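All remarks here apply to the structure that follows.
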Amino acid sequence: MREIVAVSCLGLAILGGCGGDSEVEPPVVSVSLTRDAFVAISDPLGESVKKVVYLDQNWTAGQSLGYYSRPQGSQLVPYVWFLALEQADSDSLFRDNQNILKYRYLPRNPGLSNPDGLPVGFVEGEGVGRRWLGFTCAACHTNEIRLGETGYRIDGAPAQADAQAFLSDLSGALKKTRDDPAKFGRFAAKVLKSDDPSSRADLKDDLTKVIKIREGYNLRNFPGFDPNQTSPVPPTRYGRLDAVDSIVNEAFWRTVKDPDPDHPTVVAKPCDAPVSYPFLWDTPQLDFVEWLGIAKNGDLGSSIDGIHGDFSGLPRNVGEVLGVFGDFTIHDNPSSLLNPGYSSSVKFNELIALNSFLKILWSPEWPAEFPKIDAAAAALGAELYKRPSAQGRRDSCLDCHAVINRRTLDRGKISVATMMEGSGTDSLAYDNFFGITRPSGKLEGERFFTQPKIQSPTNSDPVLSNVVTGVLLGFYKAAPPDPLKTLDFAGKRVMRAAPQVVVRGVYKGRPLDGIWATAPYLHNGSVPTLDDLLKPVDQRPKAFSIGVRTFDPSKVGYLTDVAGFPKFQVAKPDGTVIPGNSNAGHPYGTTWTAEERTQVIEYLKTL
């Protein structure tokens, strides 16, 4: 079923324009009809649409917009800067919709909750000293799937975004703005309240500080990032991000005693295990989240003074904010009973509201406008899905992927801890998290409550557990100082502690409702379609287009060979598998015949 929330170019033309031309200001339209959806009748990658529709996922328009626009404490760049910033190689705004589409984020029209027309998941928020542009989880967990001339917006679905290219180009644009007199003049005229020589000198100093922050982050977390390059880089990492290793790098950077901003990589390790963005429906019902199962859905009791509502997901969501440029400070003597917890920019009540939204989010149903599901084949596929192997080994899909009722609001707790086992898939994400150690700096010998004392060197688990616990304990503290008034140059990313797992390369299984809308597959996004996933490894594609939104309803995934898009590569030209990119493993169902594979795919469309 589909909610009637389509916005067409014809309707926008009647209202005054379609917004495809960057020189035409899109109209403010009723969010009850459109949720501010921008219709990309002109797309820089050739995937234009004539209308956008929303699927019925049990959210009102207001709840979707709250998911897109609630500030959570993320601080990327000063907000007025982002509004005025030009692209490095032109005088067009960096936030121009055509530029945003290039990175595969989702532009929006201006609306009551979004007067400046920020993309989905980009948000203005109050910080210390100024307002900031930040991210919400919607930036990486909202998608638009294209079939024919229609774009289908899906809340909670994995984005096709290239965060590395976006953040690299943002850094380059800031540097070019500082160093190019004409660009700096236009920028200063827009952002300064008092445009005089003294204010311009201060602005240039602030630009230098923010550039150092952004470059430090990029150097730690983006392999191949060159701070001397100001021209835009071609997006090549659509739909994948090594967020966990970036979070780990940023957590360890905060543990460094007296950090030198000119040497921002002293405790960094390569972020070489990118994964596909997880989908978010059913997340509050899972006992553990993240591909590694390292983020536990907490149970902190019934109330915390000053924080109101259901906060069972607060530990998970604190990690999410610190993963998208939330600020926090690890002080000296972190476990002191006289000064417990860490100050942070996290907005706890907003996270509680977000968790409430996610609890009622349904997975998307196969749209009625898509080719009709073969009901007879789907019924046969349901039996195959539930049938154990003759050998009695763990081979039934149902063993790892429970079937649930998407419309049941109280779905109970879905255990993934018992479903985590090695399936032969690429182990690098697991190996990096549990296997790499480094100095623990300020946290050496520290602990909260019953947590073990942190050793040095240590792996990621105890440090991230300490940081999330510390931020939760510090909820009453004021946010850290404005980074433009200090030389803190602090990083941004953090996660939660891990369950006890001992098998190398363990990743979680979860219910597959809405799985049709979450390509590419496996934790590292190395298999483009469900049809390919159910084939033996030697028959799976070794290369396929990424960043594509055009859907293949037969194979269930995106088109795999589209001109103008970069390619995901499993192996180097000499045949050596690229670390982190293996498409091996998950052998379940790979012995089915072609007919049986089709039947299972038809069934998966119904979930």
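The values are calculated or read from the model by the stated rules, or taken from the named source; none is laboratory data. Everything quoted here is computed from the prediction, not taken from an experiment. So basically every Cβ, Gly included, is an ideal-geometry build from the backbone, and we count neighbours across all protein chains shown. SASA here: full protein model, heavy atoms, side chains in, ligands and nucleic acids out. Shrake-Rupley method; radii C 1.70, N 1.55, O 1.52, S 1.80 Å.
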Checklist entry - Extension gain Gln539-Lys413, at 0.36 nm per residue separation less the Cα-Cα distance, in nm? => result 41.7 nm
Checklist outcome for this item: Averaged per residue, the 1.4 Å probe accessible area of the chain, protein heavy atoms only, in Å², is roughly 38
Checklist entry - Using only Cα atoms, what is the ratio of the radius of gyration of the stretch 324-473 to 2.2 N^0.38 Å? => result 1.52
Checklist entry - In nm², what is the average projected area of the convex hull enclosing the Cα atoms of the chain? => result 26.9
Checklist entry - Just how far, in whole angstrom, is the stretch 512-574 from the stretch 59-77 if you go by their alpha carbon centroids? => result 30
Checklist entry - What FRET efficiency would be calculated for the residue pair Leu337, Val266, taking the C-beta separation as r and a Förster radius of 35 Å, to the nearest 0.05? => result 0.70
Item to check | Residues whose placed amide H lies under 5 Å from that of Lys51, excluding near-sequence neighbours | outcome: Gly151
Next on the checklist: Greater than 19 Å separation of Cα atoms is the criterion. Which listed pairs, Lys296/Lys413; Lys386/Lys605; Lys508/Lys555; Lys555/Lys605; Lys542/Lys567, meet it?
Outcome noted: Lys508/Lys555
Checklist entry - Which percentage, to the nearest 5, of the DSSP beta bridges contained in the chain is antiparallel? => result 85
Item to check | Ordering of 246-257, 567-578, 325-336 by packing [mean C-beta count within 10 Å, highest first] | outcome: 246-257, 325-336, 567-578
Item to check | Solvent-accessible area, 1.4 Å probe, carbon plus sulfur percent, for the chain | outcome: 54
Checklist entry - Once you list every other residue whose beta carbon is under 11 Å from the beta carbon of Leu286, what net charge do they have if Lys and Arg are +1 and Asp and Glu are -1? => result +3
Next on the checklist: Give the residue list of trypsin sites (Lys or Arg not before Pro) in the stretch 141-243 that are DSSP loop and have at most 10 other beta-carbon atoms within 10 angstrom.
Outcome noted: Lys193
Next on the checklist: For the stretch 59-103, what does the convex hull of the Cα positions come to per residue, in cubic angstrom?
Outcome noted: 110
Checklist outcome for this item: Residue-normalised 222 nm signal for the chain, counting each DSSP H run of n ≥ 4 as -39,500 (n - 2.57), nearest 500 deg cm²/dmol, is -8500 deg cm²/dmol
Item to check | Karplus-derived HN-Hα couplings along the stretch 330-346 (A = 6.51, B = -1.76, C = 1.60, θ = phi - 60°), whole Hz, x at Gly and Pro | outcome: 8, 7, 5, 6, x, 8, 4, 5, 7, 9, x, x, 10, 6, 8, 8, 4
